[in-house]
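Quick notes on the structure that follows.
The values are calculated or read from the model by the stated rules, or taken from the named source; none is laboratory data. None of these values were measured; they are calculated from a predicted model. Backbone-built Cβ (ideal geometry, glycine too); neighbour counts: all protein chains shown. The area values use the complete protein model at the heavy-atom level, side chains included, leaving out ligands, DNA and RNA. Shrake-Rupley method; radii C 1.70, N 1.55, O 1.52, S 1.80 Å.
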Amino acid sequence: MSLYHQNGYLNVPWINEMCDKNGISFIVIVGNRQIGKTYGTLKFMLDTDKRFILMRRTQTEVDFLCNMSLNPFGKINPFIVIKKDSEYTARIDDDEDDESVQIGLVTSLKGIAKIRGFSGDIFTDLVFDEFIPENHVTRIKDEGDAFINAVITISGNRELEGRPPLRCWLLANANN
């Protein structure tokens, strides 16, 4: 086993295994476009039955993913859908077997930065996709602080209660 599969895509299960062995809870993957960062990580979330939050930087990006033809889960499992849930969130649902079961949540950094005091206890993983904006994209003021506050809010007191920390997957293209 190694960092890449023979076909050139990232080997996300191997990355997770190495992080488990070494007690790593923040995984930062910055690389070329089209090597399977998002696909591989989301597939891993589904294959291992993780309860996770998929986070993008802006609400516009979250709303964009709610379009069925643009759903990032479409190639992985056509029964996984993203449904607008509130002003700041969308549900990731498994609609197989004519029964909709929530398996995750989609939110934006900009949206979650406005909210505190909720419980993120059910989520084991946070996947922050495209965390490095492309050069032409507007920056969010104090973006790093917003991210740390989001992680703390989602994490709650899980480590004080003897549970594993929230595993954070930060994914981006090497464009800056």
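Tabulated data
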| quantity | calculated |
| --- | --- |
| Residues of segment 19-29 that turn out to be touching a Pro at 6+ places or on another chain (Cβ under 7 Å) and open to solvent by 70 Å² or more (accessible area, probe 1.4 Å), as a count | 0 |
| Residue in segment 61-77 that is farther than 19 Å from residue 147 by Cα, of a type outside the set (A, V, I, L, M, F, W, C) and not in a loop (DSSP other than H, G, I, E, B) present | yes |
| Residue list for segment 30-49, filter: surrounded by 17 or more Cβ atoms within 10 Å (Cβ to Cβ) and either of a type in the set (Gly, Ala, Ser) or touching a residue at least 40 places away in the same chain (Cβ under 8 Å) (or both) | 36, 37, 38, 40, 41, 42, 45, 46 |
| Residue within segment 83-97 that is among the polar types (S, T, N, Q) and under 20 Å from residue 42 (Cα atoms) present | yes |
| Selection status of residue 15, touching a strand residue (DSSP E or B) at 6+ places or on another chain (Cβ under 9 Å), crowded, with 18+ Cβ neighbours inside 10 Å and part of a strand (DSSP E or B) | no |
